[in-house]
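A short worksheet on the structure shown next.
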Amino acid sequence: MTGLKSGILVLMLLTVLAARDAQGAKLSVDAKMREDTDLSQFYTLLEGNPIANATLMHRHVTVFAPTNQAFQKYKNTVENNLVLYHISNRPSRTDQFGQSLNSELEGNPPLWVTKKHGPKGYEEIYINNAKIIEGSNYESTFGTNEHDKKIQVLHKISEVLEPVLPLRSSELIYNPDAYQFLNQSESIALGNHRVRTFHHRVKVTGKSNVFSSEGRYTFFIPVDEGFKPAPRANKIDEKVIDGHVIPGHVLFTAPTPSNKPYETLAFGDNLKVTISFSTEHSDKGHDKYYVKSDTLLGDSQHPSASVLAEIVKPNIPVKNGVVHLIQNPLMVVDTTVQEFIQSWKGIDKEDGPLFNFYQVIRDQGDEFMKSVSRLSNVTLFAPRNAAWEEPGVKQILQDKNRVKQLLDLHYVKEYLPLDVIERKTIRQPLWVTQTHYSVQTVAPRMSLYFNVVEGPSGNNTVTVEGGGVNATIITANIGATNGIIHIIDRVLGVPYTTVLDKLKTDPTLNSTYHLGMSHGFNERLGDPSMRFTFFAPQDKAWQDLHIMQPSVYKKMFMSDFAYHTKQILERHLVVGEAFTMKKLVEMDKEGKLMQLQSMRDKLVIKVREAGDNEKNRDDENAIRPNTGAGGYQIEWMGKKIKVIRPDVACTNGIIHVIDDVMLRESDIYVTGSGASVPGFILPHLLTLLVAKWLL
């Protein structure tokens, strides 16, 4: 009986121990990777490396395992010892990461850590350029006792980590810093790229210490191909070299925010240079990365301008940071506007930001290039690649005359850096009857209108409107010897919104839009099958009404007077056809304008081109607010109303922005109780009252 009890106790104890092991035991990191089919390619690589196997069997480790998809994206040859660059000898969960970890590759080159806030508020963590993804922070321990216990941590990552690789396997390269990278560049696998010229300039200028300093840096090294024409190399002085180095940050392309400026070593009292990153996304899945230097404060040798360069080989980790090979030197402004445009030709540039723009100009012929080359000061607003893929734009490209008009709308005969545009837009004189700053383009009678939107953090977004299309300047101040280039996100002059959408988004038409929404006037304006000509009062017109006729203004925004307000707005709207101002002038001269029918009644107006006697009317270089000079003017009921922005093209009509409201005080009747009774209803009401009295 005693033996039976002992056997039962042993059995129970074994059962408890088995249950505990089943609940508490975890797979080793090795077993976890072996079972995860998404890590099969990395595990095969690991199995083939004896050092990596021994490390996993006997040591503390952190493993960064790329997924199979990461290997499919990896274009280079997978070397057997590459796996060691994915292992660190210190077990670390993501919350234990410092700024870097040492890898197990020869020389223990660092793995750089970047932490950033993700779009959903969660923290995103990158190892070099690889993002740590779901399924990470898997921790396992093994060992026979507490003193022998080994901790191992597994993280899954989105890219294969690539160290500095030798050109030939017989050559050894041990964890080089940026200067050693330059010295040994002929022995490093860099594809077709060479960096001899920049390396030579670093030595000649005595700036080798900048590249060998310990710490955290981001280095931009131009390849030899970017030093054409030959004199360009002589412009690489000490300050320019400093302008290729960002101290205190190790910036890989994936985690670095776009358009955020970082101060370079050339940021001091007398010279201020920053660098920012940007990405051009392609439908083909081949994203291209660019950097832009901004010389905010220049000198006689270093102009205040921006220089754009493609990153041709990104994310090369070195002992003291990261190296990016770039197409051309930063800070150096030595090409004309037309040479900058031509730099985007070639099949290797087809995913670049201005490849399609160059193609359109080339297909148009030499006229555009010749016109731009003759100018000593020109500002070009160049639509980026994706802007030319819009369906409406593609359709217009078949019409060469229309394309010429579009191209002429994209440049002005004046030097307009972004700070000048911002200053003149924000600080408009009080007597100017508009809130936009405008400038005449090369296209006859066509101006560009600028607006500045101030962001919550104080950063400004500058928009430009041409031919009714509003575009945002996304890359500003690219310098040229005869002007400046701004890259914009849309093709100007090709409408893509309805009249309603334009009213909704235009910052100077808020009052007109909200009045129309309150009283049901706007409903029809979004109909794509209709055609409209809308004389839309700008916000300042309503503000002037508020000052001059406060009681009328107040009633227009009251629900009791909705009927009157709607009728006043309908007076400004012609339905059935979209008339340009040029067409209206022609109709006026031919005596046909008297037939113009608005939604409310016959619109008796005269239209003329204003400012013909202005002193500077033929000066195309003159930059001035469009207060009527060279523009249009409408005469209605004795009022002379200026057309502030003519021919704002929409997909279902045209808007002409005007500086006054076509309104008479008698349009709104005032009674003791509030709203008046419309005149045509009053006789009917009197008849009903008389009939009721007689009965």
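The values are calculated or read from the model by the stated rules, or taken from the named source; none is laboratory data. All of these numbers come straight from a predicted model, not from anything done at the bench. Neighbour counts run over all protein chains shown; Cβ positions are idealised from the backbone, glycine included. We work out accessible area using only protein heavy atoms, side chains counted, and drop any ligands, DNA or RNA first. Shrake-Rupley method; radii C 1.70, N 1.55, O 1.52, S 1.80 Å.
A few points about this structure:
- Hey, residue 291 touching a His at 6+ places or on another chain (Cβ under 8 Å), within 17 Å of residue 129 (Cβ to Cβ) and buried (at least 20 other Cβ atoms within 10 Å of the Cβ) or not: yes
- Any hit, segment 347-355, residues being more than 20 Å from the chain's Cα centre (by Cα), basic (Lys, Arg) and surrounded by fewer than 22 Cβ atoms within 10 Å (Cβ to Cβ): no
- Scanning segment 118-143 for residues that are outside any strand (DSSP E or B) and at negative phi gives 118, 119, 120, 122, 129, 133, 134, 136.
- Qualifying residue in segment 392-399 (condition: small (Gly, Ala, Ser) and either assigned by the TED database to the domain that holds residue 240 or modelled with pLDDT under 90 (or both)): yes
- When residues of segment 166-180 are limited to those that are surrounded by 18 or more Cβ atoms within 10 Å (Cβ to Cβ) and part of a loop (DSSP other than H, G, I, E, B), the one modelled with the lowest pLDDT: 173
- If you go through segment 79-111 and keep only what is under 25 Å from residue 190 (Cβ atoms), within 35 Å of the chain's Cα centre (by Cα) and open to solvent by 30 Å² or more (accessible area, probe 1.4 Å), you end up with just 100.
- The set of residues in segment 561-574 being open to solvent by 20 Å² or more (accessible area, probe 1.4 Å) and touching a Gly at 6+ places or on another chain (Cβ under 9 Å) consists of 562, 566.
- Qualifying residue in segment 146-154 (condition: under 29 Å from residue 247 (Cα atoms), in contact (Cβ under 8 Å) with a residue 12 or more places away in the chain and polar (S, T, N, Q)): no
- Candidates are the residues of segment 202-223 that are out of contact with any helix residue (DSSP H, G or I) (no Cβ under 8 Å at 6 or more places or on another chain) and of a type in the set (D, E, K, R); the one that is surrounded by the most Cβ atoms within 10 Å (Cβ to Cβ) is 216.
- Residues considered: 191, 226. Of these, the only one that is more than 29 Å from residue 95 (Cβ to Cβ) and open to solvent by less than 30 Å² (accessible area, probe 1.4 Å) is 226.
- Tallying residues that are crowded, with 20+ Cβ neighbours inside 10 Å and within 31 Å of the chain's Cα centre (by Cα) within segment 133-155 yields 0.
- Matching residues, segment 112-122, being of a type in the set (Phe, Trp, Tyr) and either open to solvent by 20 Å² or more (accessible area, probe 1.4 Å) or over 15 Å from residue 317 (Cβ atoms) (or both): 122
- Restricting segment 294-307 to residues that are open to solvent by 50 Å² or more (accessible area, probe 1.4 Å) and of a type in the set (S, T, N, Q), the residue that is nearest to residue 353 (Cα to Cα) is 304.
- Given (1) in a loop (DSSP other than H, G, I, E, B); (2) touching a residue at least 12 places away in the same chain (Cβ under 8 Å), index of the condition residue 75 fails: (2)
- Tabulated pairs, segment 99-121, first without any contact (Cβ under 8 Å) to a residue 12 or more places away in the chain, second open to solvent by less than 60 Å² (accessible area, probe 1.4 Å), C-beta under 6 angstrom, 6+ apart or interchain: 118/124
- For residue 158, the criteria (1) modelled with pLDDT of 95 or more; (2) crowded, with 18+ Cβ neighbours inside 10 Å; (3) not charged (D, E, K, R) hold in every case but one, which is (2).
- Only one of 470, 477 that is within 17 Å of residue 388 (Cα to Cα), crowded, with 20+ Cβ neighbours inside 10 Å and in the same structural domain as residue 441 (by the TED database): 470
- Selection status of residue 500, more than 30 Å from residue 274 (Cα to Cα), hydrophobic (A, V, I, L, M, F, W, C) and at pLDDT 90 or above: yes
- Total residues in segment 363-379, condition open to solvent by 50 Å² or more (accessible area, probe 1.4 Å), more than 17 Å from residue 396 (Cβ to Cβ) and not in a loop (DSSP other than H, G, I, E, B): 3
- When residue 518 is tested against (1) over 11 Å from residue 569 (Cβ atoms); (2) in contact (Cβ under 8 Å) with a residue 24 or more places away in the chain; (3) not charged (D, E, K, R), only condition (1) is not met.
- Residue list for segment 242-271, restricted to those being buried (at least 17 other Cβ atoms within 10 Å of the Cβ) and among the charged types (D, E, K, R): 242
- All told, residue 526 meets the bar of being surrounded by fewer than 17 Cβ atoms within 10 Å (Cβ to Cβ) and closer than 19 Å to residue 468 by Cβ.
- Of the numbered criteria (1) at pLDDT 95 or above; (2) more than 28 Å from residue 74 (Cβ to Cβ); (3) open to solvent by 20 Å² or more (accessible area, probe 1.4 Å), the one residue 314 fails is (2).
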